[in-house]
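Here the structure comes first, spelled out in structure tokens, and everything after it is commentary.
Just so it is clear, none of the values below were taken in a lab; they were calculated from the coordinates. Treat the numbers as computed from the prediction; the structure is a model and nothing was measured. Neighbour counts are summed over all protein chains in view; Cβ atoms, including those assigned to glycine, are modelled from backbone coordinates with ideal geometry.
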Amino acid sequence: MKGMFITVEGPDGSGKTTQLQLLVRALTEKGYEVVTTREPGGTKVGNSIREVLLSPEHDEMTARVEMMLYAASRAQNVEQIIRPALSRGAVVVCDRFVDASIA
Ligand SMILES: Nc1ncnc2c1ncn2[C@@H]1O[C@H](COP(=O)(O)OP(=O)(O)O)[C@@H](O)[C@H]1O
Ligand SMILES: [Mg+2]
């Protein structure tokens, strides 16, 4: 892996997206190829999973299923977006990653 993987973590409203955008701008100005992504989501499949996860319609979802859907979204994101970007030397900045699930 030639690239660099940076994840931004914190509670809702703590400023993740704000800091992420500042970081992306600074890295881009320095000439890095920057790929931004988020969790859950980041891919077409992941965004569909995100809708299921965030929908109040699914409030009966068990904790185990919720955790597996986060993991499924992450697996698609790693294989489709993150790993290929890191392989070509890009900096990947992800709005939440596995630390959010662990927390
Ligand atoms: N350093 C900061 N000082 C004051 N307000 C901030 C700061 N960073 C972000 N905010 C504000 O806090 C709110 C939440 O920020 P946001 O980046 O969307 O958080 P998150 O992505 O973690 O939910 C926004 O209204 C944003 O403008
Ligand atoms: Mg945000």
In degrees, nearest 10, range 0 to 90: what is the angle between the Cα axis of helix 16-29 and the longest Cα principal axis of the chain? 20 degrees
Using a cut-off of 15 Å between alpha-carbon atoms, which aspartates and glutamates can reach LYS2, once sequence neighbours fewer than 8 places away in the same chain are excluded? GLU33
What's the ranking of 80-89, 11-20, 49-58, 35-44 by average number of surrounding C-beta atoms within 10 Å, highest first? 35-44, 80-89, 49-58, 11-20
Got a sec to turn the phi values of segment 86-103 into Karplus ³J(HN,Hα) couplings, 6.51 cos²θ - 1.76 cosθ + 1.60 with θ = phi - 60°, whole Hz, x for Gly and Pro? 5, 4, 8, x, 6, 8, 9, 10, 10, 7, 6, 8, 5, 4, 5, 5, 5, 4
For GLU79 and SER14, FRET efficiency with R0 = 25 Å and r from the beta-carbon atoms, rounded to 0.05? 0.30
Against the longest principal axis of the chain, how steep is helix 44-54, in degrees 0 to 90 to the nearest 10, with axes from Cα atoms? 50 degrees
Using alpha-carbon coordinates, inclination of helix 63-77 to the longest axis of the chain, degrees: 30 degrees
